[in-house]
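Note sheet for the following structure.
Any read-out appearing in this document is the output of simple, stated calculations on the displayed coordinates, not a laboratory observation. From a predicted model like this one, the values you see are computed outputs, not experimental measurements. Using ideal geometry, Cβ is built from the backbone for each residue, glycine included, and neighbour counts are taken over all protein chains shown.
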Amino acid sequence: MSIRERLSGNEAVAIAIRQINPDVMPAFPITPSTEIAQMVATYIANGQVNTEFIPVESEHSAMSAAIGAEAAGARSLTATSSCGLALMWEVLYVAASSRLPIAMAVVNRALSSPININCDHSDSMGARDAGWIQIYSENNQEVYDNFVQAYRIAEHPSVRLPIMICQDGFYTSHAVENMELLEDREIKDFVGEYAPESYLLNSRQPLSVGAYGLPAYYMEAKRSQLEALKNAKQVTLEVAEEFARLSGRNYGLFEAYRLEDADYAMVIIGSTAGTAKDAVDKLRAEGKKAGLLKIRLFRPFPGEEIAHALKNAGFIACMDRTESFNGQCGPLGAEVKSALFNARLMPEVINYVYGIGGRDVAVENITSVFEDLIRIEQTKDAGDRYRYLSLRE
């Protein structure tokens, strides 16, 4: 039975954590993810969960403690944002290469400098090649649902990799929305108990975690890690199908919105997808064939499926809420163009940097992107293929 609530995204994550009741949560506070650890600590103090909360001296220590706990056989998690995720950089790779299914709530926030505490995706996109599964959420309901599904994906025997559940700082983390929760028992049964096959505290099966990788073995280890990450794509779909039977809410690798016959398509990640849907509806009412593809699973990147979904679009806008500093494209733009090239599709692709540092994005801004695509079709002139949206000149 569903429970109707009005919650912020941070509250939704904290409730999901309470319902799952993991074993260990090391955490260090950083805006805008601090509330998650604060709320979980309150649940622990009130006796609502028996999670062991570890206050640490930094985010690097938080991830190090999560690695130690997970390697010992405990279901572990943490939460962070921005510079906190950057401080974890070294040990993010340790977690992934050690095949430890840690869950991490990432509340996306800009990286300094200049100092900025508002939303963009520079933190998690900077960590995109660390070997973690990455799932992004549009709204508070998706934040909750994605976190509930996270351990089922990460702990699957064919995967066993850490997972980031990402949401946009302040836009979802602090904004309150109507949403539906599942009963505690339903979540507990869905996620299940953690029963790792190998762990350090198993005296009957000695093993080493993070051993030195000689040149004769290192490449094979990385290839094995890649195969596990690729397996996460199918597992994500299987878990989503089971979750749909439980909740009535359907998830895939991405969401295609009015895309099937679209001449002009936008590819986007996160909360601005809701704004983009309104823009698509407005343009459709005007007789313009606009469509949207909202990425849910970014790592592993579902390139073949995305290329297939975009096959009918002649003009595509890739929306990056971060700057890659290569002068060519952003992370999402690079992935989408690679997928289209591999599928031998050659639409006109324009990459936009938008909303960084918390710059607001309205329906009118998104509409202007589609108008750019229509203008390119009419004039046969793409102009600059790497642009900033809503930049004050």
> Binning every alpha carbon pair distance of the stretch 180-289 at 10 Å from zero, what are the percents per bin?
Replying inline: 10, 21, 26, 23, 13, 5, 1
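May I ask you to list the GluC sites (Glu not before Pro) in the stretch 54-107 that are in a DSSP loop and have at most 15 other Cβ atoms within 10 Å of their Cβ?
On the way: sites: GLU57, GLU59, GLU70, GLU90; in loops: GLU57.
In loop regions of the stretch 54-107 (DSSP not H, G, I, E or B), the sparsely surrounded GluC sites (Glu not before Pro) are GLU57.
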>> Give the separation of the Cα centroids, the stretch 308-372 to the stretch 62-98, in Å.
In response: 31
>> With +1 on the Cβ of every Lys and Arg and -1 on the Cβ of every Asp and Glu, and nothing else charged, how large is the dipole of the stretch 254-388 about its Cα centre, in debye rounded to the nearest 20?
In response: 180
>> Along the charge dipole of the chain, pointing to its positive end and built from +1/-1 on Cβ of Lys, Arg, Asp and Glu, which listed residue (HIS60, TYR144, ALA313) has its Cα farthest out?
In response: ALA313
> Counting other C-beta atoms within 10 Å, which of ILE376, ILE268 has the fewest, and how do the rest follow?
Replying inline: ILE376, ILE268
> Ranked by Cβ crowding within 10 angstrom, fewest neighbours first, how are ILE115, ILE54, ILE36 ordered?
Replying inline: ILE115, ILE54, ILE36
>> Only Cα pairs within less than 10 Å get springs; with that Gaussian network setup on the chain, which residue of THR236, THR42, THR379 has the largest fluctuation?
In response: THR379
>> Between SER203 and ASN46, what is 0.36 nm times their sequence separation minus the Cα-Cα distance? Round to one decimal in nm.
In response: 53.1 nm
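Please state the charge dipole magnitude for the chain, taken about the Cα centre, from unit charges on C-beta atoms (+1 on K and R, -1 on D and E), reported in debye and rounded to the nearest 20.
For the chain, the charge dipole is close to 580 debye.
Residue separation times 0.36 nm, minus the C-alpha to C-alpha distance between MET346 and ASP261: what's the value?
Full extension from MET346 to ASP261 adds 28.9 nm.
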>> Taking the square root of 5 times each eigenvalue of the Cα gyration tensor, what semi-axes in Å does the equivalent ellipsoid of the chain have, largest first?
In response: 35, 23, 20
>> Modelling each spin label as a point 7 Å along the Cα-to-Cβ direction, I'd like the VAL363/GLU286 distance in nm, to one decimal.
In response: 1.2
>> For the chain, take the longest principal axis of its alpha carbons; what is the angle in degrees between that and the long axis of helix 59-72, to the nearest 10 within 0 to 90?
In response: 60
> Angle, helix 215-247 long axis vs. longest principal axis of the chain, Cα atoms, 0 to 90°, nearest 10?
Replying inline: 80
> Which whole-number percentage describes the relative contact order of the chain, with Cα contacts under 8 Å and a sequence gap of 6 or more?
Replying inline: 16
>> If the reach is capped at under 18 angstrom between alpha carbons, list the lysines near LYS311, excluding any in the same chain fewer than eight residues apart.
In response: LYS288, LYS289, LYS294, LYS337
> Per-residue HN-Hα couplings for the stretch 171-183, Karplus 6.51 cos²θ - 1.76 cosθ + 1.60 at θ = phi - 60°, whole Hz, x for Gly and Pro?
Replying inline: 4, 10, 4, 10, 6, 9, 9, 6, 7, 10, 9, 9, 5
> Rounded to the nearest 0.05, what FRET efficiency do ALA175 and GLU238 have when you use their Cβ-Cβ distance and R0 = 35 Å?
Replying inline: 0.65
>> Only sites in a loop by DSSP and with at most 14 other Cβ atoms within 10 Å count here; which GluC sites (Glu not before Pro) in the stretch 169-231 make the cut?
In response: GLU183, GLU193, GLU197
> Normalised by the residues of the stretch 254-388, what does the relative contact order come to in percent, with Cα pairs under 8 Å and at least six apart?
Replying inline: 29
>> As a test of the definition: which semi-axes, in Å, follow for the stretch 268-393 when you take the square root of five times each eigenvalue of its alpha carbon gyration tensor? Largest first, please.
In response: 20, 18, 16
>> Helix 272-285 against the longest principal axis of the chain: what's the angle in degrees, Cα atoms only, rounded to the nearest 10?
In response: 30
>> To make sure I understand, if each residue's beta carbon is the centre and we count other beta carbons within 10 Å, what order do MET88, MET39 fall in, fewest to most?
In response: MET39, MET88
